[in-house]
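One structure is given here, and the rest of the page talks about it.
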Amino acid sequence: MYLTYYNGQWAEGNTPLYGAMDHSLWLGSSVFDGARAIRGKLPDLRPHLERVITSAEKLGLRCPLTVDEMEALVREGVAKFPPDAELYIRPLVFGSEGFLIPVAEKSQFALTLFDAPLPPFTGFSACLSTMRRPQPNMAPTDAKASALYANSTRAMREAKERGFDQAIMLDAEGHVAEFAASNLFLVTEDGKVVTPALNGTFLAGITRARVMALLAEAGVQVEERSVKATELNTAREIFSTGNYGKVTPCTRYEDRTLEAGPVARQARELYLAFTEAT
Ligand code: PMP
């Protein structure tokens, strides 16, 4: 079931949001976020809602709701599904009025929830994309802006055409940045757990930060540093973190097979235990 809150009402199905004169439709002024409900638990919901507000501000939009108001709506929406549902939760802020000028004059809020089972811990394949992440002075990389996903989509299309599930993107300087829509971790040949240091070209993932903290508590330190693309060729493990799949192992990188764990498995188990305790 798809359920959307918009303009004070809940509606099922593919609720229309945009009008032909809306700013975001023509000029890309929309930001969103993604969170999950897993059997009634809402891990890290507030950071995701806080990020919608800051993402909106980075594009000169104003989220018309506070975090508390959004949280109350999310809880109201989740209660409309069965208690054991696994849901995807997507708040959206978009520029509505002012489509003839670069700056949107008014913003709207919408919230969509839908059934989306947490992907199982089975591996995916990934290749190295020819698309790169833009630098902060080329695109609003500090926001979860819909406009950025045009490039992620190009990377995904290219990966699918080559027979892979996912794309790994480098930054403009050629360092590993992230997957097309999730953050990247790897375990090096000598067993170190590494993730690219935040450098403003890719999303500072909320799941990334949570997984780093959970691993550190369990005694596994994650090194944040710049990662060379060649390190992917010798990594023992590569895995992704993101709100949708949480922790998912990459079991084939280009023509090389990789193990699904043990670090990725531990990170996934720690994340699920954290969710249970939320
Ligand atoms: N990078 C990109 C481009 C993404 O779309 C996502 C998913 N939001 C992530 C990373 C992971 O971020 P988070 O853990 O905050 O969902």
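Below, the figures for the structure above:
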quantity	calculated
Charge context of F121, other residues only, Cβ under 13 angstrom, K/R +1, D/E -1	0
Histogram of C-alpha separations across region 1-146, 10 Å bin width, %	11, 36, 33, 18, 2
Under 16 Å from the Cα of K106 - lysines, other chains or at least 8 residues apart	K58
Degrees separating the helix 263-276 axis from the principal Cα axis of the chain, which is the longest one	40 degrees
Extent along principal axes [Cα atoms of region 162-244; Å; largest to smallest]	38, 28, 26
Mean Cβ neighbour count within 10 Å, used as a protection proxy, ranking 194-200, 48-54 highest first	48-54, 194-200
Ratio of Rg to Rh over the chain (Cα coordinates, Kirkwood Rh, two decimals)	0.97
Packing rank of 73-79, 228-234, 63-69, where each peptide gets the mean count of other beta carbons within 10 Å, highest leading	73-79, 63-69, 228-234
Intensity falloff of region 106-163 expressed as log10 I(q)/I(0), Debye formula with alpha-carbon point scatterers, at q = 0.20, 0.24, 0.28 Å⁻¹	-1.02, -1.06, -1.10
Sequence-distant lysines (8 or more away, or on other chains) whose Cα lies within less than 27 Å of K160	K144, K228, K246
With Cα atoms, 0 to 90° folded angle of helix 149-161 axis to the chain main axis	50 degrees
Principal-axis tilt of helix 45-58 within the chain, Cα atoms, nearest 10 degrees	70 degrees
Region 124-276 - Kirkwood radius from inverse mean 1/r over Cα pairs (Å)	15.4 Å
Cβ-derived FRET efficiency at R0 51 Å, T15 paired with T230, nearest 0.05	0.65
The chain - charge dipole about Cα centre, Lys and Arg +1 at Cβ, Asp and Glu -1, debye rounded to 20	200 debye
Tensor-based shape of region 1-81 (alpha-carbon gyration tensor, a/c under 1.5 rounded, otherwise prolate or oblate)	oblate
Net charge, G191 excluded, C-beta distance under 11 Å - Lys, Arg +1, Asp, Glu -1	-1
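Every number here is computed from the coordinates shown, using simple stated rules; none is lab data. This one's a predicted model, so the numbers in the text were calculated from it and none came from an experiment. Positions of Cβ are backbone-derived with ideal geometry, glycine not excepted, and every protein chain shown enters the neighbour counts.
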